[in-house]
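**Student:** The following block contains the structure, expressed as structure tokens.
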There are 2 protein chains.
Amino acid sequence: MSASTGRPRRAGVDETVLAATLDLLATHGYTGLRINDVADAAGVAKTTIYRRWPSLAHLAVAAVERALGDRTTAPTGDPLADLERLVTTAVAGLAANGASLVAIAQDIHRQADPELRSAYRQRIIDPVREPAITLVQSAIDRGLLSAAAQPADLVDAAIGAVLYRVAVLGEPLDADHVTALAGRLLASWRRDGARDI
Amino acid sequence: MSASTGRPRRAGVDETVLAATLDLLATHGYTGLRINDVADAAGVAKTTIYRRWPSLAHLAVAAVERALGDRTTAPTGDPLADLERLVTTAVAGLAANGASLVAIAQDIHRQADPELRSAYRQRIIDPVREPAITLVQSAIDRGLLSAAAQPADLVDAAIGAVLYRVAVLGEPLDADHVTALAGRLLASWRRDGARDI
DNA sequence: GCATTACGCTACCAATAGTAGCGTAATTAG
DNA sequence: CTAATTACGCTACTATTGGTAGCGTAATGC
């Protein structure tokens, strides 16, 4: 990227621009995101932005990725506890910005070209989905969850439920609310929970 | 709408335009939908389209609504059977057009103004979601499904799982596939199914 | 000093949703 | 038959906006 020769890029510009992008995404959504607004808010020229990101969509994906933060968690040995922490961490990153970044991510995903969509999948989706599937499988193996459903079905249903409520039904992304929803879903699959009533 | 006086609107134009819109949506998606392309494909002037629908988004919603078709079903008395028929009917309408109209509907929903989103909710979402919730509640009351989850959670998880797979993961909307997924999810909530293994 | 790259700036291009106005066609009311 | 009214196609236009080109200038390494 940055060559060893020539004038170096101004430090902090990436951060400033991403922060401005995130802020504008939170208030106007991806559909209302304007590259000129980002440039103005960040105090840089539009051309500087295009020198660092190839398109508005790429910039938005980078901003959301930054908002998601680091999703690596140390395993505790209890799959269900790890699962809850994974969900909580991811949701917290998305909810902390005052807007439904989940919905924004959906927008971006739908409008982007195939190459960008693949990056979106690898950088936004899979870092949550893949570990979650592994954890569910391990929970099933230990008899903590009913084996009646496939792990991927279960995870997709949980993620899908959140996406659907936030992105389609328009409910606010409240971290506690989401955690409770995921908890209720898990409870309905929990082996001991399924046995009573 | 149409006054009693003056030249009447050409018959069949609504149908032709909606069919052309649906066709273009199926091949290019909502993001790739161009009003001029619709006009050309339908063989009408662009101004004629704007005389009948206030915006491109409204036109697209009307086209998807038409693709969904009539979703009223006669109750059989068996909630689970009714549920399956409801899902099958809705999915069949969406899948029959060769493209993921679910994903398209997502696009439209996100980009539209609040008034249109409300119409989308009332005309596309709720006609499936509300009866489904009622049927699930009734299945729980009869002991056919586990009472561990709230009916709305359950329905949203099922719808969300389908939306997520089609609209985010990019899987094709195959009617049999979706029915099988919904069936697996239901089985994991089914009282007898949850008891074994 | 020289090559190289970044920055801000202005100007520009291309695509596209939506509108205005015109001539004309079709219909109803009297 | 005439007048009023509305629809249609057409051309031209406006406004917005993503993205690019080119220029003068500022930093940096060699």
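**Student:** Could you please find all residues in the stretch A:1-44 being closer than 17 Å to A:S55 by Cα, more than 13 Å from DNA strand D (Cβ to nearest atom) and modelled with pLDDT under 95?
**Tutor:** A:M1, A:L22
**Student:** Follow-up. Out of curiosity, is A:D153 more than 9 Å from chain B (Cβ to nearest Cβ), over 18 Å from the mean Cα position of the chain (by Cα), over 13 Å from A:V87 (Cα atoms) and not polar (S, T, N, Q)? Reasoning before the result, please.
**Tutor:** Values: more than 9 Å from chain B (Cβ to nearest Cβ): no; over 18 Å from the mean Cα position of the chain (by Cα): yes; over 13 Å from A:V87 (Cα atoms): yes; not polar (S, T, N, Q): yes.
It is false that A:D153 is more than 9 Å from chain B (Cβ to nearest Cβ), over 18 Å from the mean Cα position of the chain (by Cα), over 13 Å from A:V87 (Cα atoms) and not polar (S, T, N, Q).
**Student:** Next question, about the same structure. Can you tell me which residue is farthest from the other protein chains (Cβ to nearest Cβ) among those in the stretch B:171-186 that are among the small types (G, A, S) and touching a residue at least 24 places away in the same chain (Cβ under 8 Å)? Working first, answer last.
**Tutor:** Step one: list which residues in the stretch B:171-186 are among the small types (G, A, S), which gives B:175, B:180, B:182-183.
Within this subset, residues satisfying the condition of being touching a residue at least 24 places away in the same chain (Cβ under 8 Å) are B:175, B:182-183.
Numbers: B:A175: 17, B:A182: 10, B:G183: 10 Å.
So, considering only residues that are among the small types (G, A, S) and touching a residue at least 24 places away in the same chain (Cβ under 8 Å), the one farthest from the other protein chains (Cβ to nearest Cβ) is B:A175.
**Student:** Continuing with the same structure: Give, as residue ranges, the helices (runs of 4 or more DSSP H) completely inside the stretch B:1-91 that count at least 1 residues that are within 10 Å of DNA strand C (Cβ to nearest atom) and crowded, with 16+ Cβ neighbours inside 10 Å.
**Tutor:** Working: elements: B:13-28, B:35-42, B:46-52, B:56-68.
Answer list for the stretch B:1-91: B:35-42, B:46-52, B:56-68.
**Student:** Pairs only if they're at least six apart or on different chains, beta carbon under 6 angstrom, first in the stretch B:80-100 and at pLDDT 75 or above, second assigned to a helix (DSSP H, G or I) and of a type in the set (S, T, N, Q); list them, first residue then second.
**Tutor:** Between residues of the stretch B:80-100 that are at pLDDT 75 or above and residues that are assigned to a helix (DSSP H, G or I) and of a type in the set (S, T, N, Q), the close pairs are B:T88/B:T179.
**Student:** Inspect the stretch A:62-75 for any residue being basic (K, R) and within 12 Å of DNA strand D (Cβ to nearest atom) and give the result as yes or no. Break it down into steps so the answer makes sense when it comes.
**Tutor:** If we filter the stretch A:62-75 for residues that are basic (K, R), which is where we start, we get A:66, A:71.
Filter once more, keeping what is within 12 Å of DNA strand D (Cβ to nearest atom): none.
The answer is no; no qualifying residue exists.
**Student:** Please count how many residues of the stretch B:122-176 are surrounded by fewer than 16 Cβ atoms within 10 Å (Cβ to Cβ) and of a type in the set (D, E, K, R).
**Tutor:** 7
**Student:** Tell me which residues, restricted to the stretch A:113-150, are within 7 Å of chain B (Cβ to nearest Cβ) and in a helix (DSSP H, G or I).
**Tutor:** Keep residues of the stretch A:113-150 that are within 7 Å of chain B (Cβ to nearest Cβ), which gives A:125, A:146-150.
The answer is A:I125, and nothing else.
The values are calculated or read from the model by the stated rules, or taken from the named source; none is laboratory data. Small disclaimer: the values here were computed from a predicted structure and weren't measured. For neighbour counting, all protein chains shown are included, and Cβ atoms are generated from backbone atoms with ideal geometry for every residue, glycine included.
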